[in-house]
1. Taking the stretch A:55-82 as the region of interest, how many residues are away from chain B (no Cβ under 14 Å) and over 10 Å from the mean Cα position of the chain (by Cα)?
2. Kindly establish whether residue B:117 is more than 25 Å from residue B:98 (Cα to Cα) and either facing chain A (nearest Cβ under 8 Å) or among the β-branched types (Val, Ile, Thr) (or both).
3. Restricting attention to the stretch B:154-161, does a residue exist that is out of contact with any strand residue (DSSP E or B) (no Cβ under 9 Å at 6 or more places or on another chain) and within 18 Å of residue A:21 (Cβ to Cβ)?
4. Can you name every residue in the stretch B:117-147 that is part of a helix (DSSP H, G or I) and among the aliphatic types (A, V, I, L, M)?
5. Considering only the stretch A:35-58, state which residues are farther than 8 Å from residue A:9 by Cβ and acidic (Asp, Glu).
6. Evaluate the stretch B:144-166: report whether one residue or more is within 25 Å of the chain's Cα centre (by Cα), surrounded by 11 or more Cβ atoms within 10 Å (Cβ to Cβ) and at pLDDT below 65.
7. If you take the residues of the stretch A:1-21 that are within 11 Å of chain B (Cβ to nearest Cβ) and either aromatic (Phe, Trp, Tyr) or under 19 Å from residue A:119 (Cβ atoms) (or both), which of them is surrounded by the most Cβ atoms within 10 Å (Cβ to Cβ)?
8. Can you tell me which residue is farthest from the other protein chains (Cβ to nearest Cβ) among those in the stretch A:27-41 that are part of a helix (DSSP H, G or I) and crowded, with 18+ Cβ neighbours inside 10 Å?
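The values are calculated or read from the model by the stated rules, or taken from the named source; none is laboratory data. Owing to the predicted nature of the structure, the values given are computational and were not obtained by experimental measurement. Backbone-built Cβ (ideal geometry, glycine too); neighbour counts: all protein chains shown.
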Amino acid sequence: MSTVDKKIPILIVDDYKTMLRIIKNLLKQLDFNNVDEATDGAMALQKLREKDYGLVISDWNMEPMSGMQLLTEVRADVKLKDLPFIMVTAESKTENVIAAKQAGVNNYIVKPFNAATLKSKLSAVLGNF
Amino acid sequence: MVTILALSNDVEKRLSQLDLSAKGMDAKELIALVQDLKKGLDHQAAGPAAGPSGDQVRKFYHEIIGLADYIANARAEISELRPDDITGEHLPMVADELDAIVGATEQATNTIFEAVEAIESLSGEMPEKVSEEVVDCVTRVYEACGFQDITGQRISKVVAALKEVEQTVEALQSTFGEWFAAEDEVGQSRAKVRADGKPQRPDEHLMNGPQRIEDAISQDDIDALLNNG
């Protein structure tokens, strides 16, 4: 039985609109329809401070503020520090994964990815659905 | 050879110090001078053991000639580089073309999205089994569209590498600036040759390839131009 509230607001962050669209469509297939978008870390941080989100799914390689900088800011913010954060990135070196883990990421998806991978990581972070 | 030269200089110095017109000349000094001269001649006659052989000198000479040729070739190749063309024309053009590829793939991907999203929205009206299969196919298309993000990032890396090359060429240009300017004048009078070494075609100036959207004219504009008079 699903324990996940699929109405939770989710913020997806990527500087490629194509990727935002892919993630949004895949989330929609999983019945997560309350999805907002941001195209870099700074915009995402602003949105996170204006609205209560239940999950962030962010790319790493963005300018001017990267996904890693966003994660660091989130974890340093008293109100946001416990927000679930999934990194979705083409950065697939071990050192990247370690750095993200040390910064407090909840899960890490390497691009290109498929719907099953996204679903399994969402389950790992939010609970089974 | 250096030893002989040094000896010769020494003998010359000592000869100049001798007052040969003086009757009271020191015989010991004269004998020492002659002995040194003889030593020098013996040294020269000793040959290979005392200095470089003729073969070694010839080899050394050929190496110097080879080095001079190498420098001349490098100079010619640097001249062919035409740094102004590289930094002012070729590299920006390549960067623009790569940016255009990213733009074109994004546009194509959006078109695919629109079509597939329309199909997905109709899946609710299909029989359940068909609908499941359609949604599964649509999902695979969504996944595949991730190529645009990946290729875009790879192209961005290439553009960054090109900028590194551009900066290096600019540094070279600033080092050899005046010399390049002089060579450029010479270059203007050279026969026009393409980068691949083939002679330019008469219509080379019209060989521009696909245009960026903002630079291109539409099919309607083309039709209008053709139909106008």
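1. Here the count works out to 16.
2. yes
3. No, the stretch B:154-161 has no match at all.
4. Within the stretch B:117-147, B:118, B:119, B:122, B:130, B:134, B:135, B:138, B:141, B:144 qualify.
5. A:37, A:40, A:50
6. No, there is no match, as no residue in the stretch B:144-166 is within 25 Å of the chain's Cα centre (by Cα), surrounded by 11 or more Cβ atoms within 10 Å (Cβ to Cβ) and at pLDDT below 65.
7. Among those residues, the one meeting the criterion is A:14.
8. Once the filter is applied, the top-ranked residue is A:41.
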